[in-house]
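Down below is the structure, laid out as structure tokens.
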Amino acid sequence: MLEKIESLMHDYVNEVDSYATILYTKIPPGKRLRAKLILKIAGETESSEKLAAIVELIHAASLLHDDVIDEAITRRGIPSINATYDSKTAVMLGDILYSKAFFELNTFPTFIAQTISDAVTKLSAGELLDVEYSKEIQFDEEKYFDMIYKKTAVLIEATASSAAALAGKDEEAFALYGKNLGLAFQIIDDVLDITSDEQTLGKPALADFKEGKTTLPYIYMYQSVNKENQKKLVSLYQKELDVDDKVWIKTKMQESGAIMKAIGLATKLGEEALKAIEDDKNEALEKVITDMIEREF
Ligand code: FPP
Ligand code: MG
């Protein structure tokens with residue numbers, strides 16, 4: 001099912017430039033969550049496959065830029081493009097991927113073209129917020145949710161409602177499904193940064209706090225530990241963590257119930273996603289939610 005999407009993406013890049021294609025083939029595909037979502041909502045048609053390739057090119061572009069911004073040296077288990085080549089190459093490859101994606105997006109009806117392009121603007125605003133909030137520690141839940149909505153959920157929301165539009169289904173219901181799925185997805189991502197390891201994740205573990213990101217588990221942990229532990233947590237912010245620090249964070253995250261609470265919220269959001277599409281619910285869309293919550297990377 002995904003081979004068609006892979007070949008479309010490859011062909012689109014190849015229509016632009018042969019060197020860009022060589023660079024592009026060095027990016028591992030990832031989970032292709034957004035493509036799967038489109039195909040499961042709209043079925044496997046020429047338009048849905050094209051839309052899936054477009055959205056995945058946009059997502060790949062955003063990760064190329066994100067790795068430059070985060071100075072990340074690994075992505076999907078191998079060195080990132082910015083690490084293998086340099087930041088300039090990663091930025092320009094990202095520009096090629098997303099501008100070609102937008103060119104192809106122009107062939108779709110206005111509702112879909114506007115929904116996806118509006119989401120990409122919000123995505124960029126979300127990344128800007130992420131950068132801003134990473135400068136100093138902040139335990140504000142509202143800011144966290146606003147940021148992850150824009151950074152992650154908006155594109156999944158737009159993807160699901162566009163796929164619904166293609167299939168003549170209820171766009172609003174699927175938008176809500178996508179939004180809740182996207183929020184839950186980012187919360188699980190933030191949990192896995194703490195509970196998983198580098199090999200499973202394909203990128204360094206416990207990297208968020210060092211990068212300045214006070215994610216939901218850190219907010220919950222701060223809310224439930226005593227003053228002394230709050231002070232210790234704050235002292236580790238943006239620091240290179242040694243083995244003892246890592247063990248301390250992982251232990252307190254579990255003991256304080258922060259991890260359980262974050263997973264509980266992601267599960268609730270998953271249930272709300274399914275409630276939104278009650279009339280159109282099918283096993284494949286239910287499986288998207290359970291796979292996402294139970295995933296290991
Ligand atoms: C990963 O977050 C980043 C995103 C989901 C969005 C990045 C968006 C941009 C850079 C805006 C530019 C958009 C385009 C189309 C060029 P993360 O750093 O929390 O996750 P990670 O640990 O996987 O890096
Ligand atoms: Mg990043």
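Any read-out appearing in this document is the output of simple, stated calculations on the displayed coordinates, not a laboratory observation. Treat the numbers as computed from the prediction; the structure is a model and nothing was measured. Neighbour counts run over all protein chains shown; Cβ positions are idealised from the backbone, glycine included.
Can you tell me which of 176-184, 213-221 comes out highest on packing, and rank the rest after it, using the mean Cβ neighbours within 10 Å? List each step's numbers first, then the result.
Details: 176-184: 26.0, 213-221: 22.6.
Put in order of decreasing packing, that is 176-184, 213-221.
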Rounded Å value of the spacing that divides the Cα centres of segment 4-57 and segment 118-170 = 21 Å
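When a/c reaches 1.5 or more, the comparison of a/b and b/c decides; with that in mind, is segment 75-169 rounded, prolate or oblate per its Cα gyration tensor?
Numbers: a/c = 2.36, a/b = 1.20, b/c = 1.97.
Cα axes put segment 75-169 in the oblate bin.
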Could you give the spread of the C-alpha atoms of segment 1-144 along their three principal axes, from largest to smallest, in whole angstroms?
-> 47, 35, 24
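Give me the dipole magnitude in Debye, nearest 20, for segment 229-296 about the Cα centre, with unit charges on the beta carbon: positive for Lys and Arg, negative for Asp and Glu.
Working: 12 positive and 15 negative charges, 116 e Å.
Result for segment 229-296 is approximately 560 debye, rounded to the nearest 20.
Pulled fully out, how much extra length does the chain show between Thr110 and Val247, if you take 0.36 nm times their separation in residues and subtract their Cα-Cα distance? Numbers along the way, then the final one.
Working: separation 137, 0.36 × 137 = 49.32 nm, distance 5.14 nm.
Length difference between fully extended and current span is 44.2 nm.
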The computed P(r) of the chain puts the percent of Cα pairs beyond 26 Å at 45 percent
Give the dimensionless ratio obtained when the Cα radius of gyration of segment 54-95 is divided by 2.2 N^0.38 Å.
-> 1.02
Taking only Cα atoms of segment 73-118, the Rg to Rh ratio with Kirkwood Rh works out at 1.18
Say each of Leu2 and Glu294 gets a label point 7 Å from the Cα, pointing the same way as Cα to Cβ; how far apart are those two points in nm?
-> 1.8 nm
Lys, Arg +1 and Asp, Glu -1 on Cβ, resulting dipole of the chain about Cα centre, debye, nearest 20 | 400 debye
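Go ahead and run the numbers for FRET between Asp279 and Glu44, Cβ-Cβ distance against an R0 of 25 Å, rounding to 0.05.
On the way: r = 22 Å, r/R0 = 0.88.
FRET efficiency, Asp279 to Glu44: 0.70.
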Rg [Å, one decimal], Dmax [Å, integer] - segment 159-276, C-alpha atoms = 17.2, 56
Using only helices, what value at 222 nm comes out for the chain when you add -39,500 (n - 2.57) per DSSP H run of length 4 or more and divide by the total residues, to the nearest 500 deg cm²/dmol?
-> -23000 deg cm²/dmol
Work through the residues other than Lys169 whose Cβ is under 14 Å from its Cβ and net out their charges, Lys, Arg +1 and Asp, Glu -1.
-> -4
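For a quick check: sort Tyr133, Tyr237, Tyr98 by the number of other beta carbons within 10 angstrom, fewest at the front. List each step's numbers first, then the result.
On the way: Tyr133 18, Tyr237 14, Tyr98 21.
The fewest-first ordering by Cβ neighbours comes to Tyr237, Tyr133, Tyr98.
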Taking every pair of alpha-carbon atoms in segment 257-297, give the share separated by more than 13 Å as a whole percent.
-> 55 percent
Tabulate in residue order the Karplus-calculated ³J(HN,Hα) for segment 68-82, using 6.51 cos²θ - 1.76 cosθ + 1.60 with θ = phi - 60°, rounded to whole Hz; enter x for Gly and Pro.
-> 5, 4, 7, 6, 7, 9, 10, 8, 6, x, 10, x, 5, 4, 5
